[in-house]
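Notes for the one structure printed next.
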Amino acid sequence: MPEDENIPLAWLDFKLRETDENPEQIYVDFIAKFPNTPDIAIAWIKFLESTNRFSDGILEIEKLSTEELLSPSLIELHANLLYCNNRFDDAIASLESIDSATLEADTALATRVTTNKSLYETETALFSAELAIRASEEINGDLPIATILTTKGQIKIVLFEDQAPNTVANFVSLAQSGYYDGTRFHRVIPKFMTQGGDPNSRIGAIGQPGSGGPGYTIKDELDGDNLRKHFAGTLSMAKTAEPDTGGSQFFLTHVPTPHLDGRHTVFGRIVEGLEINREIEKDDTIVTIVISNTRDHEYNPEKIGEANESTSSESNTKLNSGRKPTLNSNE
């Protein structure tokens, strides 16, 4: 650890990101050596944010003194952490705690606050509608449940059969057949999403992970009333940039991803295990997916271009290649 108090932040950032040491212990050691250094706490919270530990970051901020909480950079960070956890009203309130004099003196800060507040307000309205739908669904209690057993833990998901019946039928039928058993999460982007469902991701499989599928595609379900949105903990279909190219691959969001609304079919939400989803790393495995609480009918999806037994693996790969949600609206 450095002796010079002018470089602890850079050293702390390096230690947290580039070593295998316990990050909590690294932080405790730095605080002990450089007490009364608020920037170290901020660096720690930024590290938590970068590693999907949004809830931990919020708790760390709430431990800080009132004086430290007046820092605009910390307020912005707090607001973003709240946003990542679908706490949109709280995120707005956090930004509004920055006093007007500070905003007038810093035009760049004022621009960021205005932009983010507008985003949070939009998400607040959308989430209010989402919560109303959820309340109705909980009363009815008749939606299928998917429990994804992973090597990191269990993720329980409610499937949106009312808004995306064919996508749900496809997912349920594949899960019940054991299709997903032993597949791995082949694409994980922190602060974005976890992607899996590709048979090419299995150990020993032939084909590039991310390019595989069931040998057919299904139609997007992006129309109709109560179209579901991409909040933190959303289950959605992976696809190419072309319409109706989803197959078996899916993704689970870490944070709200509104740029994907209307582009990917949302067909479920995590009700237990959001933090497990955020902890998943590339090549973690889906042990199996257990389906329960199904409705009284067969789950047989309508398929497009289903391959027959004579279809070559090369043509099957072409049919199912390149499915992934984009990180931002410009991709």
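The numbers here are math on the coordinates, done by the rules we state, and not lab data. A quick note: this is a predicted structure, and the numbers were derived from the prediction, not measured. Reconstructed Cβ throughout: ideal geometry from the backbone, glycine too, with neighbour counts over all protein chains shown.
Here are a few things to note about the model shown:
- Between E272, E62, E21, the residue with the greatest mean-square fluctuation in the GNM of the chain (Cα pairs under 10 Å linked by springs) is E21.
- The chain pair-distance distribution - Cα-Cα, 10 Å bins, rounded %: 5, 23, 29, 22, 14, 6, 1, 0
- For I61, I40, I289, order by how many other beta-carbon atoms lie within 10 Å, fewest first: I40, I61, I289
- Theoretical FRET efficiency, 1/(1+(r/R0)^6), r = Cβ-Cβ of N36 and V290, R0 41 Å, to 0.05: 0.20
- Virtual spin-label span in nm between T102 and T240, 7 Å along Cα→Cβ: 4.9
- Near R184, the amide H atoms lying under 5 Å from its own belong to G197, D198, S201, R202, I286; only residues 5 or more places off or on other chains count, and H is placed 1.01 Å from N.
- GNM result for the chain, Cα springs below 10 Å: residue of K117, K239, K229 fluctuating most strongly: K117
- Largest mean-square fluctuation among F88, F30, F171, in a Gaussian network model of the chain whose springs join Cα atoms under 10 Å apart, belongs to F30.
- Were the residues from V271 through Q154 laid out at 0.36 nm apart, the gain over their Cα-Cα distance would be 41.0 nm.
- For segment 36-62, the residues whose backbone nitrogen is under 18 Å from a point 7 Å from the Cα of D13, taken along Cα to Cβ, are 37-52.
- Extension gain for D89 to S128 (0.36 nm times residue separation, less C-alpha to C-alpha distance): 13.0 nm.
- Per-residue Cβ neighbour counts within 10 Å put R228, R263 in the sequence R263, R228, beginning with the fewest.
- Per residue, the chain reaches -12500 deg cm²/dmol at 222 nm when only DSSP H runs of four or more residues are counted, each adding -39500 (n - 2.57).
- Cβ-based exposure ranking for F251, F231, in which fewest neighbours within 10 Å come first: F231, F251
- Length-normalised contact order of the chain in % [C-alpha pairs under 8 Å, at least 6 apart]: 19
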